[in-house]
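Structure record follows, encoded as structure tokens.
The values are calculated or read from the model by the stated rules, or taken from the named source; none is laboratory data. Quick caveat, the model's predicted, so the values are computed rather than measured. Every residue, glycine among them, receives a Cβ derived from its backbone with ideal geometry; neighbour counts consider all protein chains shown.
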Amino acid sequence: WDGPCDAVAMVAFYVFTEIEVETTPEIEENQIPNILNVPSISNAELVISHNLNDECQFVFAWKVHFYREGDKVAYIDALNGDIIKEVNNGAYFTAPTEIYGSVTLDDFTANGITTLQNSTGTVKGYNLGISSDCYSITDADFNLSQIPSTANSQWSANDAPLALYQSFHIASLAKNWLSNINMNLNSINIGVPTCSPSQFARDVTPINSQDAYVIVANNSPNSWATFDIIGHELGHSVLLANSIWNSGEGMVLHEAIADMFGVYIEYKYQGVIDWQMGDDIGLNARDLSNPQYKCYDEIVDLTRIFYSYEKGDPLRYWFYLITEGSSTYQIPALGIEKSIEIIADAINSGTINSGTINYTYQSVMTATFDVVLQNFGRCSSEFIAIARAWEAICLNTGYANWNGEVPVCNYTISGPSVVCEEDDFANFCIQGGLPNAYYQWTIIGGKSTQYTSLLGMQGNIQQGGTCLNLTDFPKYNYYPQIITIKVYSPIIGSNFTVMKTVQLNDCNGDDPNCDEYYSSVAAPITQPEAESMRYELQPNMEDIHFIKVFNSAGILINSDSYLNFNENELPANQLFFIVNLGKNGEIIKTKKYFRIGN
Ligand SMILES: [Zn+2]
């Protein structure tokens, strides 16, 4: 548990513009010892807090420090007296910061002394003191003795630099946000030295270390301890924890992916995305939405000093494109949560490594394709987004067609909707869809197994082929007839099944229509019956006068007076349709008949 992240009274200006919370307590302070079942409490204050129980809601609560077999903190609903949270040893003292107001820290108390680390020791803040050169500081310079402590009931500027409270607060929140996307660090150690240059932040995590080390130079009131910059440094930490070196071409990769984490961590805090690094302190550094270089091929001068930052520009832009989408490149927006998870999964997959100059982008691209194909599939919008974004920054994905577009899976069936039955041919083809996809064509309707096609039909199915070239139609008793052509691709999936109806007409007029056909079949049923068959008149309760029996292919095999009919005389083990007709030929009911016998 990371503790309630903010107390409203202190951070009101950005968190609480659109909520209403009751602020008159129903529970009085003197009731609290009873609620907690202790003789007395150390102190209690009313707070409005979010993130209690990790739920996205706000509560009006008493925050109570008390003693019961150790120092404890409880949060009690100020309206109904429920104990919301009770935690050991966490002091959750407030501390001043440079630019985020007064915050509640996830700190730790033992024996009356509160230290700047959480109760599990997985986030620690270090006051690193004076050091001449920021660049010379390494993880070996972090000592437990540098963790500030206080015997008071809140943190003050006398105990540690404001930059350290701010850094510690951000690191505490970021650690949970990172673990929520499976970027798990054992610990985060964040240190604030006073060193030169004063505008400075750096990740000094050793390669393969699961314990992150980050330094932020003390430069009050404008240190680089912002959500995006510390998020960026922790991006380096998680890459190093996953054996991705921050040197050579790997540096390009590092700086770009670190910025993705920087934007993400800041987004988690403020709830909206801004793409500018360092904007909270007016630094206005890199803008992922509009970088200097958007195309991988653009960067030719490899000798420039900021080469690693510049060459990472297209990769930053790729992340922006998949997150926000693009009408120019027809990229669907995935949102930042899904986008960062794709990157996180790619890092966790272990397939990215720093490689050689032309290998870096390729390896990230390959890893993201592996993740997306496995989790979402080729026909997903996730796939379309990342593939088109890679193409947009001038990488060759191998998925684009001749005009550079990555095709979607959706397709239609081209071909006639009306054909002449005497032509005995018709061609239907897939339009759009994936190149080389496998399609299965099925004809649905009467006599569907009697069609023939160029590639051959098995029953009513043609396996494969991007076209169904029909070469013979069956003869029907009357026209028009309607059939349905259904196309399914096992590769693309049943979500993309497409149907097309086709009407067969007697174009030269040498066959009966439905009326003519039914008026020609056995007496005594004539025109009215045919009409009723055709229009499916409402059945009524009239007595049955006549009977018609059709086999499963729709062929009339018996037409008789109802009195003469005995269904047990029909052949066994075959399916029939028995139509009962009234004295004027109207359909009373139709039933299926199948008798097992010999
Ligand atoms: Zn960096």
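Of all residue pairs spaced 6 or more apart or on separate chains, those with beta-carbon atoms under 6 Å, a first member in segment 23-45 that is surrounded by fewer than 17 Cβ atoms within 10 Å (Cβ to Cβ) and a second member that is assigned to a helix (DSSP H, G or I) are SER40/PRO33.
Only residues that are surrounded by 14 or more Cβ atoms within 10 Å (Cβ to Cβ) and within 16 Å of the ligand (Cβ to nearest atom) were counted across segment 189-205, and they come to 8. Taken over segment 252-271, the criterion of being surrounded by fewer than 24 Cβ atoms within 10 Å (Cβ to Cβ) and more than 13 Å from the ligand (Cβ to nearest atom) is satisfied by TYR267, LYS268, TYR269, GLN270, GLY271. When THR104 is tested against (1) surrounded by 18 or more Cβ atoms within 10 Å (Cβ to Cβ); (2) of a type in the set (Ser, Thr, Tyr); (3) free of Cβ contacts under 8 Å to residues at least 12 places away in the same chain, just one condition goes unmet, and that condition is (3).
Applying the condition of being surrounded by fewer than 24 Cβ atoms within 10 Å (Cβ to Cβ) and over 21 Å from LYS268 (Cα atoms) to segment 315-330 and asking which residue is farthest from the chain's Cα centre (by Cα) yields THR328.
If you take the residues in segment 207-218 that are at pLDDT 95 or above and touching a helix residue (DSSP H, G or I) at 6+ places or on another chain (Cβ under 6 Å), which one is surrounded by the fewest Cβ atoms within 10 Å (Cβ to Cβ)?
So the first thing to find is which residues in segment 207-218 are at pLDDT 95 or above, and the list is 209-218.
From what's left, touching a helix residue (DSSP H, G or I) at 6+ places or on another chain (Cβ under 6 Å): 210, 212-214, 216-218.
On the way: GLN210: 14, ALA212: 28, TYR213: 25, VAL214: 27, VAL216: 28, ALA217: 24, ASN218: 24.
The extreme case among them is GLN210.
Looking only at segment 539-588, residues that are of a type outside the set (A, V, I, L, M, F, W, C), outside any loop (DSSP other than H, G, I, E, B) and farther than 23 Å from LYS475 by Cα come to 8 in all. Among the conditions (1) within 16 Å of the ligand (Cβ to nearest atom); (2) closer than 21 Å to TYR126 by Cα, the only one that GLU249 does not satisfy is (2).
Of the numbered criteria (1) within 13 Å of the ligand (Cβ to nearest atom); (2) of a type in the set (Phe, Trp, Tyr); (3) closer than 23 Å to GLU341 by Cα, the one TRP275 fails is (1). Taking the criterion of being modelled with pLDDT of 90 or more, of a type in the set (A, V, I, L, M) and more than 12 Å from the ligand (Cβ to nearest atom), the residues of segment 219-246 that qualify are ALA225, VAL238, ALA241. Criterion applied to GLN210, GLN270 was being over 15 Å from CYS134 (Cα atoms) and touching a residue at least 60 places away in the same chain (Cβ under 8 Å), and the one residue passing it is GLN270.
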